[in-house]
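Report on one structure; see the data block that follows.
No lab work stands behind these numbers, since they all come straight from the coordinates. Quick caveat: nothing in here was measured; it's all calculated off a predicted structure. All Cβ positions, glycine included, derive from the backbone under ideal geometry; neighbour counts span all protein chains shown.
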């Protein structure tokens with residue numbers, strides 16, 4: 001693709017770390033963010049990967065994100081905890097919360113942590129995969145600001161509220177479903193605007209809730225399966241807003257514009273120790289068998305095969321770990337501006353900022 | 001609606017009980033089935049209500065359902081248990097399993113029970129609502145036989161694998177989402193066949209996996225949100241088949257024809273004690289506020305309002321508790337045949353079998 005430069009993930013990691021050092025963010029707060037963003041880009045999920053770095057740094061400088069948080073866990077039962085994130089980075093808060101859930105699950109089979117006073121947590125898969133890589137089932141949810149129409153409604157109410165579930169599998173990285181409960185994401189809509197491409201019917205609606213295909217007219221996203229996706233988004237909202245006493249739907253402060261206002265997002269993280277239910281090797285073998293059986297099915301016309309959630313991400317990861325992460329011209333420009341504003345010498349990162357070979 | 005007779009739920013309950021007595025089924029096994037089917041019909045979910053009684057009785061007589069099961073709970077941790085249902089009625093097994101989950105949750109915050117060697121469990125909402133009516137979050141899942149196309153595939157692999165979640169709400173029955181992960185159910189397809197009505201695009205596919213709108217040509221259902229619903233069905237399959245070591249997808253024995261073969265279905269039930277996370281009155285008040293805010297939104301063109309999951313069912317319940325449950329001519333015919341085969345005197349149930357006024 002034109003205008004893309006492939007950059008080794010360790011080069012990116014070094015630059016990312018330097019940006020956090022420049023804003024006096026301590027490593028225990030920044031490392032989960034650095035690794036989460038880079039892992040997400042390695043997995044091919046460009047919407048939630050490295051492109052978010054400048055936003056997160058600016059959010060910290062604006063006061064939205066607190067660089068000196070008092071992170072406070074509270075044990076609610078032997079299997080449940082809550083975390084007051086005190087407006088630290090969402091990825092950091094959710095990482096700590098999932099670690100806590102995993103630790104409770106390893107003792108008592110299940111662990112569940114809610115997070116409040118948090119902010120954008122990147123890709124939900126980061127946290128569900130943490131559990132699955134320790135042979136547990138991982139679930140992660142977050143609320144987000146209003147973009148999706150309720151079924152029958154005119155105006156957006158809930159966000160794209162992602163549903164994420166991961167499970168371990170023999171001989172390969174876990175199965176992992178990380179999906180928004182809307183048909184497409186806001187990012188995808190913006191991409192279609194940029195290239196003036198018509199949306200497919202059923203993806204979006206105009207300002208009075210009428211379905212439309214013109215991306216410039218579209219003002220709201222539609223949920224998957226009409227009333228089903230809408231109510232599934234509501235389930236995520238209950239877990240993230242109501243269990244945590246955080247604002248919901250239209251009362252959540254917007255991700256954009258970035259004005260320093262705190263987000264007060266809530267997350268819900270759960271880990272379930274598979275071995276309590278089933279011998280782990282048997283579970284993982286059967287998981288492998290189930291996924292391979294699906295992958296070996298004859299494809300329908302117009303498809304080249306059947307895949308399962310996380311297959312495209314695993315392929316991307318294999319490729320990008322070797323060839324590097326594609327950085328777009330726009331991302332590069334944003335990174336360069338970020339470096340300049342933080343007085344980081346771009347010449348220290350020639351593989352990222354130097355001339356393309 | 002023509003050919004419908006409204007029958008008081010207690011009349012139906014009395015007749016249903018008699019059918020179970022006639023096959024020598026003890027009340028502790030039959031009561032959950034009787035109440036589950038009748039509650040489901042009261043809630044307006046006719047596909048999973050009273051119409052299933054003859055099927056369940058025949059399943060017991062065929063040997064598929066075991067009337068003398070050795071139900072065996074096994075504690076897997078203080079918050080986890082499994083239940084060998086030994087082929088009792090699915091509704092009975094899942095009711096016991098949810099009671100166990102609720103009991104664990106009331107002590108330790110979360111309870112989770114898997115069920116194996118089970119069979120059709122009726123409407124998933126029955127069990128999730130049990131938890132929600134005790135101020136807990138309730139989740140219930142089951143696997144089902146292959147009817148839904150994997151995204152990109154030609155042949156059905158997973159079932160309609162329902163996802164069900166319920167949460168308590170101030171001043172009204174709980175919020176409850178009970179949805180198949182396919183766009184429509186097989187029942188709906190059959191209904192369209194019966195009335196020779198065209199399906200909507202995106203609902204079903206023909207025998208080579210090509211989308212079609214002719215209900216007589218349709219051989220498979222499509223998942224909601226294409227790859228999203230398909231993978232969400234896979235999540236349900238992992239919880240119900242892999243945690244329990246039960247068969248999955250195409251290896252699950254069919255509900256029809258009823259040949260005495262045992263089903264070996266798996267279920268997954270979870271209860272989460274809300275009060276551990278949040279003062280219960282605050283949670284329920286905010287739940288009410290959230291739902292009412294959605295309901296008061298201006299509707300889009302072509303809609304008469306915004307509703308939330310379980311609203312139609314609550315309305316049906318209010319109406320049917322007073323006016324009775326509508327029994328179709330076909331259901332009545334099936335009940336009459338059932339009574340005859342069990343040597344039950346239909347004259348004992350005049351309000352059900354007598355002449356319509």
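Scaled against the 2.2 N^0.38 Å expected of a compact globular protein of N residues, the Cα radius of gyration of segment B:170-252 reads 1.32. Note on residue B:72 and residue A:285: their simple-model spin labels are 2.1 nm apart, each label 7 Å out from Cα toward Cβ. Take every Cα-Cα pair in the protein assembly as shown and report what % of them are more than 38 Å apart. For the protein assembly as shown, the fraction of Cα-Cα distances above 38 Å is 37 percent. With the convex hull constructed from alpha-carbon coordinates only, segment A:1-136 shows a mean projected area of 8.7 nm² over all directions. Remark on segment B:183-222: Rg and Dmax equal 8.5, 24 Å (Cα only). Calculated on the alpha-carbon coordinates, the convex hull of segment B:1-66 measures out at 92 cubic angstrom per residue.
A prolate overall shape is assigned to segment A:77-163, the ratio a/c of its alpha-carbon gyration tensor axes (a ≥ b ≥ c) being 1.5 or greater and a/b exceeding b/c. FRET efficiency for the pair residue A:254 and residue B:253, taken as 1/(1 + (r/R0)^6) with r the Cβ-Cβ distance and R0 = 45 Å, rounds to 0.30. Between B:255, B:104, B:270, find the one with the highest GNM mean-square fluctuation for chain B; connect C-alpha pairs within less than 10 Å. Looking only at B:255, B:104, B:270, the biggest GNM fluctuation is shown by B:255. Cβ crowding within 10 Å, taken as a proxy for footprinting-reagent exposure, orders B:46, B:178, A:304 from fewest neighbours to most as A:304, B:46, B:178.
Sort largest first and round to whole Å: the equivalent ellipsoid semi-axes of segment A:48-204, each the square root of five times a Cα gyration tensor eigenvalue.
So the equivalent ellipsoid measures 29, 21, 15 Å along its semi-axes.
With the convex hull constructed from alpha-carbon coordinates only, segment A:247-357 shows a mean projected area of 14.2 nm² over all directions. Springs between Cα atoms under 10 Å define the GNM used for chain B, and in it the highest mean-square fluctuation of B:31, B:237, B:200 occurs at B:200. Distance from the Cα centroid of segment A:80-127 to that of segment B:299-336 is 41 Å (rounded to whole angstrom). A crude spin-label estimate for the pair residue B:106 and residue B:321, with each label 7 Å from Cα along the Cβ direction, gives 2.2 nm. Taking a ≥ b ≥ c as the square roots of the eigenvalues of the alpha-carbon gyration tensor, segment B:231-294 is classed prolate because a/c is 1.5 or more and a/b outweighs b/c.
Pairwise alpha-carbon distances in segment B:200-308 exceed 25 Å for 57% of all pairs. Centroid-to-centroid, using Cα positions, segment B:1-69 and segment A:262-279 are 37 Å apart. In this label model, residue A:355 and residue B:333 are separated by 8.5 nm, measuring between points 7 Å along each Cα→Cβ vector. When chain B is modelled as a GNM with alpha-carbon springs shorter than 10 Å, which of B:290, B:42, B:239 fluctuates the most? Residue with maximal mean-square fluctuation among B:290, B:42, B:239: B:290.
Of the residues A:212, B:317, A:25, the one with the fewest other Cβ atoms within 10 Å heads the list, and the complete ranking is B:317, A:212, A:25. Each principal axis of the Cα cloud of chain A was evaluated for its coordinate range; sorted largest first, these ranges are 54, 46, 43 Å.
How high is the relative contact order of chain B? Use alpha-carbon pairs under 8 Å, at least six apart in sequence, and give a whole percent.
It rounds to 22 percent for chain B.
Listing B:248, A:230 from fewest to most neighbouring C-beta atoms within 10 Å gives B:248, A:230.
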